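The values are calculated or read from the model by the stated rules, or taken from the named source; none is laboratory data. Predicted, not measured: the structure shown is a model, and the values here were computed from it. Here Cβ is always computed from backbone atoms with ideal geometry, including for glycine, and neighbour counts include all displayed protein chains.
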Amino acid sequence: MSSATRKGGTRPARPKKRYGQHFLTDKNIIRKIVSAAKVSEGESVLEIGPGRGALTEALVDAGARVLAIEVDEELADGIRERFPADRVEVIRGDALKLSFRELGRELGERHGKLKLVANLPYYISGPVLAKLLDERDAFTVMVLMFQKEVGDRIVSGPGSRDYGILSVLAQAYTDVKKEFDVPARLFFPKPKVDSTVLSFRVLDSPKVPIEDERFFKSIVRAAFGTRRKMLVNSLASTGLQKPDIEAALREAGIDPGRRGETLDLNDFGRLTRALHKRKKAGPGA
Ligand code: SAM
């Protein structure tokens with residue numbers, strides 16, 4: 001950021017473990033994150049956890065207006081002091097408790113849909129991604145940093161032990177791509193694990209037709225809830241009757257003895273539709 005737009009700075013706050021604070025120190029990685037989001041002049045970007053502002057600065061330099069959500073009051077104040085208010089607006093709060101949809105709507109009225117960029121604290125990355133996927137209509141692109149293991153899980157496919165609920169949901173609603181890994185030594189303080197940056201391009205409609213998103217999610221959750229069980233048994237947790245589940249599996253062309261982790265997106269789509277029909281019709285119909 002040019003010195004003309006930067007405001008005065010104070011001594012940086014000490015990193016707080018309870019907020020998962022590990023600050024990026026590598027300019028090249030920061031540049032690569034901004035370029036993965038393809039941020040251009042005048043765009044609005046929501047940043048979760050700006051910390052000391054390493055990414056925020058690069059976003060502002062790329063011409064973005066940034067809305068930053070930071071839970072740590074000290075850091076939120078630091079960001080307010082460092083950047084002009086017409087370029088960076090800071091909300092002090094917990095990203096898990098705010099409505100992205102509402103923020104998107106408010107900002108969207110002024111600037112259209114948002115991009116999201118976040119170097120997430122590891123302890124909330126799963127729940128934040130689940131929330132972002134639920135409220136994805138606020139965004140065009142989301143670029144997020146995860147603990148490497150978690151990132152690898154999100155992009156993995158059926159048959160792998162890594163494949164899980166978030167893999168299916170992310171792959172149903174977005175084009176998700178692994179961008180690059182970030183070694184632990186490029187953060188201060190150095191975390192115990194390496195990280196991965198993923199980009200999610202939000203799709204206008206899911207890759208498989210989904211009539212009722214909540215129902216789809218409940219099927220995916222049930223299928224992975226008891227990974228070692230056969231589908232016909234694990235799906236019982238949805239409250240559907242066993243004969244209905246068996247009939248739906250047959251209709252979807254899925255062997256009831258299979259496990260949830262072997263189903264691909266199309267299988268989940270067909271199964272959800274077949275189960276939904278029976279749920280609407282009532283037990284044993
Ligand atoms: N973006 C900075 C960087 O790359 O150097 C900081 C990244 S650090 C891994 C995570 C940041 O998220 C910290 O600033 C932390 O205070 C903030 N944070 C932690 N929990 C949060 C929450 N629930 N909501 C919003 N911000 C949170």
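In the condition set (1) away from the ligand (no atom under 13 Å from the Cβ); (2) in a strand (DSSP E or B), Val39 is compliant with all but (2). Within the range 22-33, take every residue that is surrounded by fewer than 20 Cβ atoms within 10 Å (Cβ to Cβ) and within 25 Å of Glu74 (Cα to Cα) and give me the one that is nearest to the ligand (Cβ to nearest atom). Looking at the filtered set, the residue picked out is Phe23.
Highlighted here are the helices (runs of 4 or more DSSP H) found entirely within the range 107-220 that include at least 1 residues which are surrounded by fewer than 19 Cβ atoms within 10 Å (Cβ to Cβ) and without any contact (Cβ under 8 Å) to a residue 40 or more places away in the chain: 125-134.
If only one of Asp94, Asp86 is within 14 Å of the ligand (Cβ to nearest atom) and either more than 14 Å from the chain's Cα centre (by Cα) or modelled with pLDDT under 95 (or both), which one is it? From the options Asp94, Asp86, the qualifying one is Asp94.
Which of the residues that make up the range 214-242 are among the β-branched types (Val, Ile, Thr) and over 26 Å from the mean Cα position of the chain (by Cα)? Hit for the range 214-242 is Val232, nothing else.
Scan the range 66-83 for residues that are touching a helix residue (DSSP H, G or I) at 6+ places or on another chain (Cβ under 7 Å) and more than 10 Å from the ligand (Cβ to nearest atom) and jot them down.
Hits for the range 66-83 are Val66, Leu67, Phe83.
The numbered conditions (1) modelled with pLDDT of 95 or more; (2) closer than 16 Å to Phe187 by Cα are all true for Pro12 except (1). Taken over the range 67-83, the residue count meeting the criterion of being more than 23 Å from the chain's Cα centre (by Cα) and β-branched (Val, Ile, Thr) is 1. Screening the candidates Ala85, Ala68, Ala76 for the property of being of a type outside the set (S, T, N, Q) and part of a helix (DSSP H, G or I) yields one hit, Ala76.
The set of residues from the range 154-206 being within 14 Å of the chain's Cα centre (by Cα) and either within 16 Å of the ligand (Cβ to nearest atom) or within 19 Å of Lys32 (Cα to Cα) (or both) comprises Asp175, Val176, Lys177, Lys178, Thr196, Val197, Leu198, Ser199, Phe200, Arg201.
When Arg52, Arg65, Arg92, Arg82 are checked against the criterion of being in contact (Cβ under 8 Å) with a residue 60 or more places away in the chain, over 16 Å from Leu132 (Cβ atoms) and surrounded by fewer than 23 Cβ atoms within 10 Å (Cβ to Cβ), Arg82 stands alone in meeting it.
One residue is enough: does the range 169-186 have a residue meeting the conditions more than 25 Å from Ala68 (Cβ to Cβ) and of a type in the set (Val, Ile, Thr)? Looking for residues that are more than 25 Å from Ala68 (Cβ to Cβ) and of a type in the set (Val, Ile, Thr), one finds none in the range 169-186, hence no.
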